[in-house]
Amino acid sequence: MNTLFVDGRPIEIDQEGYLADLNDWSEPVAEALALQEDLTLEDEHWEILRLLRSFHDEFQLSPATRPLIKYTALKLGPDKGNSMHLNRLFKGTPAKLAAKLAGLPKPSNCI
């Protein structure tokens, strides 16, 4: 385990940067995780991160890319629910990186 310090508070993360305890997530934690990925979170990112957290609350899992795209299209429309948009926001790995930043477990079928 590694430790990320956010506002002076230690946050445990695994070797890949995912939260050890999903309850440690907060917007400042997401921003700190994004900094480690050389990413600045904008409104478009937050929209997807909040959507992912809703998905996790509903289904108790982190979606792979295809379900993420379908769920995003269903909730936000086809302009945002497509692979080009999500790949642009999350450096070509939307399911993995967005789940990490949303404080969720790594999607089970992601390498």
Quiz item: Over the heavy atoms of residue 79, what accessible area does a 1.4 Å probe trace out, to the nearest 10 Å²?
Solution: 130
Practice problem: Set the Förster radius R0 to 22 Å, insert the Cβ-Cβ distance between residue 82 and residue 39 as r into 1/(1 + (r/R0)^6), and round the FRET efficiency to 0.05. | Solution: 0.65
Quiz item: So how much accessible area does residue 108 have, in Å² to the nearest 10, using a 1.4 Å probe?
Solution: 120
Practice problem: Please give the solvent-accessible surface of residue 31 in Å², to the nearest 10, using a probe radius of 1.4 Å with every protein chain present. | Solution: 90
Practice problem: Determine the order of 40, 3, 72 by accessible area, beginning with the largest, at a probe radius of 1.4 Å. | Solution: 40, 3, 72
Self-check item: Spacing of the two label points (7 Å from each Cα toward its C-beta) at residue 70 and residue 5, in nm
Solution: 4.5
Quiz item: Round to a whole number: what % of the accessible area of the range 44-86 belongs to carbon and sulfur, probe 1.4 Å?
Solution: 55
Exercise. Starting from the residue with the highest accessible area, list 9, 88, 53 in decreasing order, probe 1.4 Å.
Key: 88, 9, 53
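The values are calculated or read from the model by the stated rules, or taken from the named source; none is laboratory data. Keep in mind that this is a model prediction, so the values were computed, not measured. When we count neighbours, we look across all protein chains shown, and the Cβ atoms used for this are built from the backbone with ideal geometry, even at glycine. For accessibility, only protein heavy atoms count, side chains too; no ligands or nucleic acids. Shrake-Rupley method; radii C 1.70, N 1.55, O 1.52, S 1.80 Å.
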